[in-house]
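These notes concern the structure reproduced below.
The values are calculated or read from the model by the stated rules, or taken from the named source; none is laboratory data. No experiment lies behind these values; they were computed from the predicted model shown. So basically every Cβ, Gly included, is an ideal-geometry build from the backbone, and we count neighbours across all protein chains shown.
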Amino acid sequence: MPADIQPPHVQLLKYSKPNAAGHPVSFPRGIERLLLAVTLIFSPAVAFAQDVTTVLAQASRAMGADNLKTIRYTSTGAEYVLGQNATPGGPWPQYNFDWMISAFNYESGTASEELGNRTRADNPPRGGGQPSIGRGITYVTDRFVWTQIGPRSISRPWNVDDRNHQTWITPHGVIKAALRNKATLKWQTRNGQRLAAVSFTEPGKFSATAFIDKKGLVERVESRAAIPFYGELPFVTTYADYEDYAGVKFPSRIRRTQNGFPILDLTVTKVEPNVAVDVRPPDALINAAAYPEPTAVKVADGVWSIPGATNCYAIEMKDYIIVVESPLTNEIATSVFDAARRAIPGKPIRYVVNTHHHIDHSGGLRAAALEGATIITYVSNKRIFEGYFASARRLAPDKLTKSGKKAKLMAVGDKYVFSDGSRNVELHLLRGNRHADDLLMLYLPKEKLLIEADALSPGPPDAPLPAEPDVFSVNLVENIERLKLSVDRILPLHGRIVPLSELYRAVKRSS
Ligand SMILES: [Zn+2]
């Protein structure tokens, strides 16, 4: 028995074991003593430690975390993409993969996640998320998150807080994070098992409670992480069926839920403690500002494109500006508003149109509220958006929280028209689009421009077309035809501006 594990006081023990029916079974006194002695030899006394420091020290030893600098594990299973559900409050879309290699470096606080043959689970797809990819690696540092797909490096600044949170709620990471963060201890009994509940907050980042069983193993983590716009969302991660890997304990089953919906479901097949895990952001990413200042590009008289990971558009009205989208993060959205004001000086941004609730389209809506703009969204979102705006930001209060300003929301139905004599801007719901139930597009009849999100995201001109027409694009065609819109050019929220003929080519129709 390790020297600093204190023997428990015998009087604390009521030695009984539940039988199959869950009732305690009493043992004769001699057997009771023997069982107690066996327990003392083979189980660290986490269940009896009285203070959090001892509980964590014992858990760290039991888990093999003391000398664990890195860990890499291979798994099979599914991930579910947060922020890309078809309807707000609904389940997250599922992606399966043949294998996932997850690696964490607890000294540098970095991580990587490589996915092999990641494919959408649903066909036809419902909800957002990237299309199926052969292989991609996502890298995480305390400041950057980026995904490498072949030669393409995609920066994901909106994922930084959540991904760092994921590093520090791993079975060993959560012990290390608790040790450095003035954790507190409570005891809980669940399913007849007494668990140490160790709670802490990583300042400005996330909060977590790790539930540690009597063997010193982390069996569950309840955590809250800041997600752009949506607020501080709760996650529950369970770790089960621990195996021993040369003194390092690691679960064979990892499951995570958010709001009761699955977000991760893994069966671990291989664990490698203390292998080299070296994650460094590419120079281009370090050298580029995290939030590069976009420059507006004129598309037509008074219509500007503001290119970015999510493209935005600025439309000049007689007395004001309409900005389409407040995407990704507050910082990125603010840089979009600045670009719109530079392109159209002397007019206020009065309206910000939210095309749909997905995080890459709504992540900066708090910046739009701070701007004082009225946020326009489809009617089904109004109540849930009000809830997002009202939810507390305790981990990292943002400028809107500090300002005390209230968001102005305007709900629109299937059609709405801005008109001030200078131009008309029509908003239309993409009825029946499986990408999102609240998907709005904008049509400028005079200019014959259509601004749309995620129904067509044109890749490079020479990119091969998918074998099967994208159902989101097919639905866009149906809506254009239903509404009898006369479109010259499509201004997408992702990808390049294209003539209407590209849409018909994508759905393999001649028009
Ligand atoms: Zn979307």
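Take the conditions (1) more than 16 Å from the ligand (Cβ to nearest atom); (2) within 19 Å of the chain's Cα centre (by Cα); VAL379 misses just one of them, which is (2). Would you say ARG256 is modelled with pLDDT under 95 and of a type in the set (D, E, K, R)? So ARG256 does not fit the description; no.
Is it the case that some residue within the range 152-164 is over 25 Å from LYS270 (Cβ atoms), away from the ligand (no atom under 16 Å from the Cβ), of a type in the set (A, V, I, L, M) and without any contact (Cβ under 8 Å) to a residue 24 or more places away in the chain? Yes: one or more hits. Looking at the range 434-457, which of its residues are over 12 Å from TYR378 (Cα atoms) and either among the aromatic types (Phe, Trp, Tyr) or near the ligand (Cβ under 10 Å from one of its atoms) (or both)? Hits for the range 434-457 are HIS435, TYR443, ALA453, ASP454, ALA455, SER457. Kindly indicate the residue of the range 289-315 that is surrounded by 14 or more Cβ atoms within 10 Å (Cβ to Cβ), in contact (Cβ under 8 Å) with a residue 40 or more places away in the chain and outside any loop (DSSP other than H, G, I, E, B) and also farthest from the chain's Cα centre (by Cα) among those meeting that condition. Ranking the candidates gives ALA300 first. For the range 91-107, the tally of residues that are touching a Lys or Arg at 6+ places or on another chain (Cβ under 9 Å) and touching a residue at least 40 places away in the same chain (Cβ under 8 Å) stands at 6.
Yes/no per residue for (1) under 21 Å from ASP161 (Cβ atoms); (2) at pLDDT 95 or above; (3) of a type in the set (Val, Ile, Thr):
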{"position": "ILE315", "(1), (2), (3)": "no, yes, yes"}
{"position": "THR329", "(1), (2), (3)": "yes, no, yes"}
{"position": "THR334", "(1), (2), (3)": "yes, yes, yes"}
{"position": "ALA339", "(1), (2), (3)": "no, yes, no"}
{"position": "ARG342", "(1), (2), (3)": "no, yes, no"}
{"position": "PRO345", "(1), (2), (3)": "no, yes, no"}
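The residues in the range 439-474 that are closer than 16 Å to PRO125 by Cα and of a type outside the set (A, V, I, L, M, F, W, C) can be counted, and the count is 7. Which number in (1) aliphatic (A, V, I, L, M); (2) away from the ligand (no atom under 16 Å from the Cβ); (3) within 19 Å of LEU491 (Cβ to Cβ) marks the one condition that LEU328 misses? Every listed condition holds for LEU328 apart from (2).
Checking the stated criteria, ALA300 turns out not to satisfy the condition of being in the same structural domain as ASP398 (by TED's automatic domain parsing), more than 16 Å from the ligand (Cβ to nearest atom) and in contact with a Phe, Trp or Tyr (Cβ under 9 Å, 6 or more places away or on another chain).
Name the residue, out of ASP462, ASP488, ASP414, that is without any contact (Cβ under 8 Å) to a residue 40 or more places away in the chain, under 21 Å from ARG505 (Cβ atoms) and surrounded by fewer than 18 Cβ atoms within 10 Å (Cβ to Cβ). So the residue among ASP462, ASP488, ASP414 that is without any contact (Cβ under 8 Å) to a residue 40 or more places away in the chain, under 21 Å from ARG505 (Cβ atoms) and surrounded by fewer than 18 Cβ atoms within 10 Å (Cβ to Cβ) is ASP462.
Quick one: would you say ILE263 is buried (at least 20 other Cβ atoms within 10 Å of the Cβ) and outside the structural domain of ALA111 (by TED's automatic domain parsing)? Judged against the criteria, ILE263 is not a match.
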